[in-house]
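The values are calculated or read from the model by the stated rules, or taken from the named source; none is laboratory data. What you see is a predicted model; the values in this text were computed from it and never measured. Glycine also receives a Cβ, built like all others from the backbone with ideal geometry; neighbour counts cover every protein chain displayed. Each accessible area value is taken on the protein alone, full model and side chains, heavy atoms only, with ligands, DNA and RNA left out. Shrake-Rupley method; radii C 1.70, N 1.55, O 1.52, S 1.80 Å.
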Amino acid sequence: QVNLVESGGRVVQAGDSLTLTCDANGDTLRRYSIGWFRQAPGKDREFVAAISWITTVYEDSVKGRFTLSRDNDKNAVHLQMNNVIPEDTAVYYCALDPLGSMTLDEYDYDYWGQGAQVTVSS
């Protein structure tokens, strides 16, 4: 059993930067692919980015602005969000894909955090 916890969500202004962190206990994150998803009010949850052993993948609207990285010493994954825009406002979730397939499909992720609220004001 893996427990994931997101942190770092807050209210920021358009153009600001912030970092979300996904911490884990119960297993070692570096063994798995970790994905980030977000859900805006009234919308379906959508893929944001994912990181595996050797690569990362990003949804088109966040390419060049968001960066995923691993902190293996702290068993964590960071989502650096730069130049945020109001459309980035959402609850952000990290999730673990035990098969390491780097899938964009939320149904392939077995473990989820509780979510972190990010609000971007214009």
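Cβ-Cβ contacts under 8 Å between residues 6 or more apart (or on different chains), taken from a first residue in region 67-82 that is at positive phi to a second residue that is open to solvent by 40 Å² or more (accessible area, probe 1.4 Å), are listed as 75/23; 75/25; 75/28; 75/30.
Scanning for something touching a residue at least 40 places away in the same chain (Cβ under 8 Å) and hydrophobic (A, V, I, L, M, F, W, C), does region 103-113 turn up at least one residue? Taking every residue of region 103-113 in turn, at least one turns out to be touching a residue at least 40 places away in the same chain (Cβ under 8 Å) and hydrophobic (A, V, I, L, M, F, W, C). Selection over region 80-89 of residues that are open to solvent by 50 Å² or more (accessible area, probe 1.4 Å) and either assigned to a helix (DSSP H, G or I) or more than 17 Å from residue 16 (Cα to Cα) (or both) gives a count of 2.
Whenever a residue of region 42-56 is open to solvent by less than 50 Å² (accessible area, probe 1.4 Å), its partners that are modelled with pLDDT of 95 or more and charged (D, E, K, R), lying with C-beta atoms within less than 6 angstrom and at least six residues away or across chains, give the pairs 47/59; 48/38; 48/59.
Looking at the structure I just gave you, is residue 16 part of a loop (DSSP other than H, G, I, E, B), modelled with pLDDT of 95 or more and within 17 Å of residue 79 (Cα to Cα)? In short, yes. The C-beta contact set for region 1-30 (first residue closer than 14 Å to residue 69 by Cα and loosely packed, with under 14 Cβ neighbours inside 10 Å, second residue modelled with pLDDT under 90 and among the aliphatic types (A, V, I, L, M), distance under 7 angstrom, 6+ apart or interchain) is empty.
Find the residue count for region 90-119, including only residues that are in a loop (DSSP other than H, G, I, E, B) and either open to solvent by 30 Å² or more (accessible area, probe 1.4 Å) or of a type in the set (Phe, Trp, Tyr) (or both). Final tally of qualifying residues: 10.
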